[in-house]
1. Give me a count of the residues in the range 1-32 that are within 16 Å of the ligand (Cβ to nearest atom) and in a strand (DSSP E or B).
2. Tally up the residues in the range 82-139 that are under 17 Å from residue 340 (Cα atoms), in a strand (DSSP E or B) and of a type in the set (A, V, I, L, M, F, W, C), please.
3. If we scan the range 14-32, do we find a residue that is within 30 Å of the chain's Cα centre (by Cα), surrounded by fewer than 24 Cβ atoms within 10 Å (Cβ to Cβ), over 21 Å from residue 191 (Cβ atoms) and of a type in the set (S, T, N, Q)?
4. All but one of (1) of a type in the set (Ser, Thr, Tyr); (2) closer than 23 Å to residue 532 by Cβ; (3) buried (at least 22 other Cβ atoms within 10 Å of the Cβ) hold for residue 320; which doesn't?
5. Applying the selection to the range 355-407, what residues are crowded, with 16+ Cβ neighbours inside 10 Å, of a type in the set (Gly, Ala, Ser) and over 27 Å from the mean Cα position of the chain (by Cα)?
6. Residues that are modelled with pLDDT of 95 or more, open to solvent by 30 Å² or more (accessible area, probe 1.4 Å) and not aliphatic (A, V, I, L, M): list the helices (runs of 4 or more DSSP H) wholly contained in the range 436-554 that include at least 1 such residues.
7. Out of the range 68-81, which residues are buried (at least 21 other Cβ atoms within 10 Å of the Cβ) and either away from the ligand (no atom under 12 Å from the Cβ) or in a loop (DSSP other than H, G, I, E, B) (or both)?
8. If a residue has to be open to solvent by less than 40 Å² (accessible area, probe 1.4 Å) and free of Cβ contacts under 8 Å to residues at least 60 places away in the same chain to count, how many in the range 213-241 make the cut?
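The values are calculated or read from the model by the stated rules, or taken from the named source; none is laboratory data. Treat the numbers as computed from the prediction; the structure is a model and nothing was measured. Every residue, glycine as well, gets a Cβ built from its backbone with ideal geometry; the counts of neighbours run over all protein chains shown. With ligands, DNA and RNA removed, areas are computed over all heavy atoms of the protein, side chains included. Shrake-Rupley method; radii C 1.70, N 1.55, O 1.52, S 1.80 Å.
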Amino acid sequence: MEVDILLVGAGPASLACALHLCQLVRRHNQAVEQGGQGGNRLEIPSLMVIEKGREIGAHAFSGAVVDTRGFDELLEGFEGEQVPYDGPVTDDALYLLSQTGSFRSPITPPPLKNHGHQVASLGRIVRWMAELCEKNGVDVFPEFPAVELLYEGNRVIGARIGDKGRDREGRPKANFEPGLDVQAKITVLGEGPRGTLTLQAQRRLELDAGRQPQIYAVGTKEVWQLARPVQPGVVYHTLGYPLGTREFGGGFIYTFHDNLIHVGFVVGLDYADPTTDSQRLLQQFKAHPFVSDILEGGKPVAYGAKAIPEGGYYAMPRPYADGLLIVGDSAGCLNSQRLKGIHLAVKSGMLAAETILDSLIREDASAEVLKGYVDRFEKSWAHQELWKVRNFRQSFQRGFWRGMVHAGLQFVTGGRGLFDPMPIQAGHTLMTRYTQPAAGEVTHPLPAPDGKLSVDKLTDVYYSDTAHEENQPCHLKVLDLDICINRCTYEYGNPCQHFCPTQVYEILRLDGENRLQINFANCVHCKTCDIMDPYQIIVWTPPEGGGGPGYRNL
Ligand SMILES: Cc1cc2nc3c(=O)[nH]c(=O)nc-3n(C[C@H](O)[C@H](O)[C@H](O)COP(=O)(O)OP(=O)(O)OC[C@H]3O[C@@H](n4cnc5c(N)ncnc54)[C@H](O)[C@@H]3O)c2cc1C
């Protein structure tokens, strides 16, 4: 199959790219017709967006407080269209939590000031964007997972969609449908964090040469339905409990209309303790009196988890190659200081669209022309924003207090601080060896799941509405099982059992031997295993189309 532009992933970055390109081509043609611009009229390019989720929005997971700057620019010219935000931020604050106490910071640090921004569900936004795309002639296909890039030499010429209907051993079943090869002049990767094709391209084309390693966090979130009225638009961030001073992260509580509360916890994936467990941290956070009072009388209705690329400017890979552009989280376009990436994803998609227009006019999709994407980025407000925080996340790799001092210095020096660039290590390299807790020692105090406030992992999997066809090849490839059983058990205590927020990995004792069981049907596609495995032997690959979480309005 051939199209002009193939966009992989229906997140805000790809969809903004498709929408903006439609508009730019229209504007270009109008200008040519009116004689105000040289050059020829362009054929309307064929645009195809593919998404692995069962429907658009099924894998959309965020906070989300949206800085409206990106969408404001995108919608210029789409008259009458409005982003389906939940509503404006009505109150924001930073709380510092000890084990039982809480303290409202008298000032909200500028990066966490959210007045003027909008609270939103990313799922609702991308569904609306996809509909707008379709109204503008873009083809949007859910259940289409791209599994690899197609090349001619080192020029990207499209992507291969995964087969559907293979059994556990990879044999075709009665419903077998072979995947398509989609050829395109330009392929845009907007796969979100730790994209499969993005990583492939990065390795083959050395897109990360000379860059810092990307580091990530993982965010888990539950949506709670309260019976009592809740003021919408409240945005609270927290620091402290249940994290110690070594790890980076914190909690968030955002309130929505219909008495919904989104309660989430983010932890940096560069922690030392191999028993760190993001779902458990969320349960500990909810059990804190400050949070449990807010959730009093409510019940969870949804759950999800997802990685966040936090490395910032110095960790961004080269986002172009012959026939290839990379946008949004896949390009590392996220401000970890503000926990915001949606506006940057939208802006990067728009800058990619402007570059594609140029390439269509010049009938040239070589790296030489697509490099214009970086030039446009460097002149944009997105670059200005990321440049000011270029050393922020790096500062926190050696502990919270050191991080605060460096962050303060960076704030007054426009991001420079004491060292520029400040060094950083890939997160998995910082995990320390597992030590057995002493007899009777409780390492992570956690209320037993009571089905009310505290929820176990499998119940949370249920709330995520996750489903995969069970009779298909396991999409989580462990490259060396021997390492899992004969080294990892002794060296790190099999941290996969802890870092997976949906209990995909279990070590079972069978016939006197340890065995790794992979419950891949539980996977919510957060990518934590691919990122945090200390030996880097877990490879996350896209399962057959439609598998994964079924998020509604997360
Ligand atoms: C817990 C949490 C809280 C956050 N809070 C905020 C916030 O308050 N404000 C804010 O601005 N940002 C926030 N962010 C960040 C924000 O969500 C991201 O920056 C933004 O969603 C990035 O958009 P994207 O289009 O690049 O990627 P995504 O939104 O991740 O979309 C990528 C899409 O591509 C699909 N995909 C991936 N691989 C393939 C493939 N191979 N084939 C087909 N489809 C594929 C995925 O299923 C997904 O639908 C938060 C993130 C998390 C995890």
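1. Residues that pass the stated criteria total 5.
2. 3
3. Yes, the range 14-32 has at least one match.
4. Among (1) of a type in the set (Ser, Thr, Tyr); (2) closer than 23 Å to residue 532 by Cβ; (3) buried (at least 22 other Cβ atoms within 10 Å of the Cβ), residue 320 violates only (2).
5. Result: 359, 365.
6. 457-463, 496-499
7. Listed by number, the list holds a single entry, 74.
8. Residues meeting the conditions: 1.
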